[in-house]
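The values are calculated or read from the model by the stated rules, or taken from the named source; none is laboratory data. All of these numbers come straight from a predicted model, not from anything done at the bench. FYI the Cβ positions are ideal-geometry reconstructions off the backbone, even for glycines, and counts take in every protein chain you see. Please note that ligands, DNA and RNA were not included when accessible areas were found on the heavy atoms of the full protein model with its side chains. Shrake-Rupley method; radii C 1.70, N 1.55, O 1.52, S 1.80 Å.
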Amino acid sequence: MDTRTARRTRRARRILSGPAFSRRSALIGLGGIAALGAAGCSSGTAGGEGGSGPSRTIEHKYGSTEISGTPSRVVTVGLTEQDYALALGVAPVGVREWFGGHPGALWPWAAEALGDAETPEVLPVEELNFEQIGSLRPDLILGVNSGLTEEEYTTLSELAPTVAQHAEYADYGTPWQDIARMVGTALDEEDKAEALIADIEARFEEIREDNPDFAKSTALLASSITGEAWAYAEGPAPGFLAQLGFSLPEDAEALFTDENREPKQVALEDLEVLEADALLVGLYGAPEDSVTGRDVFKKLATAEEGRVLEMPEMSRLNGALSFGSLLSLHYALDELPPRLVKILDGDPGTEPDKVE
């Protein structure tokens, strides 16, 4: 497997599900840390340029971080925190790229929220660039939806107060509500964060009430990664389906026996484990290599009965479900439920709108 394909495979495994991914730990000497610390802000409290405000403490995986004032130069080093900051009215100065290749690493819903503010500088996803982060002079660094190591957290804390991932969840596994609350506290926007959470949860409740069949049906998220099939139980997209009322099929549920219920590869001869009332398939790699094009997949009852929704890697719906954020969830709530209704109507001829 070449480097590009390997990178695509690692990225696709964490897209939609949000599991931890392995990446190289950055190495930096004591002299580099000192220089970076001088380039950024102190590791005391955030604020300064952003004005005065109350002091608050946020607990996370590596302890706690005290923040005072209103941060104004925010850098996000997790996968999706830019959406949360923008939803709360703060334009980041630096954003870590996940996938999509959009200007400022902002998908359309985030670009709209950015408005006329300056497009943030893009940070690479595979490895933290401490020099680049330090040059942005951050007064707050957000790494909530991340897999920061303790060494990375310590180095980042030399640049500015840093909020790492939630202590109670697996890396990249913090639910969107908890990300919103942690970012809201960090930005001194707790009330606004709660209001935004309540708005989205009300939309989920309304859709569940309007579609009682969702609670009587099973749904599964899968992906085709360069011709390999994967199934998912945890993460933003599976969580989205659960919040709509769907349950996992029993056969698929039996795949996930480890503590974090991490994604499982499914052999082509075992594809029947993907049978579900509704099957969402993220497509990664060349179209001609997709598992959905194999005869063994086409023979699944789910496929024969038109209960499969294919989502290309760079489609907005795939991006929205993958991010699962305060901004992207509204797009997903607009786009996915109507397609699920068509999938569940029992008529193979009623195909859901194609995802592009």
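Under the rule of at least 5 residues apart or a separate chain, name every residue whose amide H is placed under 5 Å from the amide H of residue 121.
For residue 121, the qualifying residues are 94, 95.
Taking amide H positions as placed 1.01 Å from N in the peptide plane, with prolines and chain starts having none, which residues 5 or more places from residue 266, or on another chain, fall under 5 Å of its amide H?
Long-range HN contacts for residue 266: 229, 230, 231.
For region 273-350, what % of the accessible area comes from carbon and sulfur atoms, probe 1.4 Å?
For region 273-350, the apolar C and S fraction of the accessible surface comes to 49 percent.
Once R0 is set to 25 Å, what does the formula 1/(1 + (r/R0)^6) return for the Cβ-Cβ distance between residue 112 and residue 203, expressed as a FRET efficiency to the nearest 0.05?
Working from the Cβ atoms, E equals 0.90.
Quick one: angle between helix 30-39 and the longest Cα principal axis of the chain, in degrees between 0 and 90, rounded to 10, please.
Result, in degrees: 80.
What whole-number distance in Å separates the alpha-carbon centres of region 240-297 and region 171-203?
29
Assign unit charges at the C-beta atoms only (+1 for Lys and Arg, -1 for Asp and Glu), then state the dipole size of region 137-263 relative to its Cα centre in Debye, rounded to the nearest 20.
Dipole magnitude for region 137-263 comes out near 280 debye.
Full-extension gain between residue 102 and residue 126, please, as 0.36 nm times their residue separation minus the C-alpha to C-alpha distance.
Fully extending the segment from residue 102 to residue 126 adds 7.0 nm.
Label region 248-356 by shape, choosing from rounded, prolate and oblate, from the square roots a ≥ b ≥ c of the eigenvalues of the Cα gyration tensor; if a/c is under 1.5 it is rounded, and otherwise prolate applies when a/b is larger than b/c, oblate when it is not.
rounded
Can you work out ³J(HN,Hα) from phi for every residue in region 222-233, in order, using Karplus 6.51 cos²θ - 1.76 cosθ + 1.60 and θ = phi - 60°, giving whole Hz and x for Gly and Pro?
Using θ = phi - 60°, the values come out as 9, 8, 10, 10, 6, x, 9, 9, 10, 10, 10, 10 Hz.
By DSSP, what percent of the beta bridges with both residues in the chain are antiparallel, rounded to the nearest 5?
35
Summarise the accessible area of region 67-225 (1.4 Å probe, protein heavy atoms) by the percent that is carbon and sulfur.
44
Would you kindly derive the ³J(HN,Hα) couplings of region 106-119 from the backbone phi angles with the Karplus curve 6.51 cos²θ - 1.76 cosθ + 1.60 (θ = phi - 60°), listing them in order in whole Hz, with x for Gly and Pro?
10, 6, x, 5, 7, 4, 5, 5, 5, x, 8, 5, 5, 5
What are the residues whose amide H is under 5 Å from the amide H of residue 282, where those residues sit 5 or more places off or on another chain and H is modelled from the backbone?
222, 223, 224, 311
Could you tell me which trypsin sites (Lys or Arg not before Pro) in region 261-332 are loop residues by DSSP with no more than 14 other beta carbons within 10 angstrom of their beta carbon?
Qualifying residues, ordered by number: 299.
For the chain, what does the helix formula give at 222 nm: sum of -39500 (n - 2.57) over DSSP H segments with n ≥ 4, over the residue count, nearest 500 deg cm²/dmol?
My calculation for the chain gives -10000 deg cm²/dmol from helical runs alone.
Based on the Cβ-Cβ distance of residue 190 and residue 137, what FRET efficiency does E = 1/(1 + (r/R0)^6) give at R0 = 22 Å, to the nearest 0.05?
Plugging the Cβ-Cβ distance into 1/(1 + (r/R0)^6) gives 0.30.
Using alpha carbons only, how many degrees (0 to 90, rounded to 10) separate the axis of helix 176-186 from the longest principal axis of the chain?
Once rounded, the angle reads 10 degrees.
With θ set to phi - 60° and the Karplus curve 6.51 cos²θ - 1.76 cosθ + 1.60, what are the ³J(HN,Hα) couplings of region 187-196 in order, to the nearest whole Hz, using x for Gly and Pro?
Working through the residues one at a time gives 8, 6, 10, 4, 5, 5, 4, 5, 5, 5 Hz.
Provide, for the chain, the number of lysine pairs with alpha carbons under 30 Å apart, each pair being eight or more places apart or on different chains.
The number of close lysine pairs in the chain is 16.
Leaving out ligands and nucleic acids, and using a 1.4 Å probe, what accessible area per residue does the chain come to in Å²?
Accessible area per residue, the chain: 42 Å².
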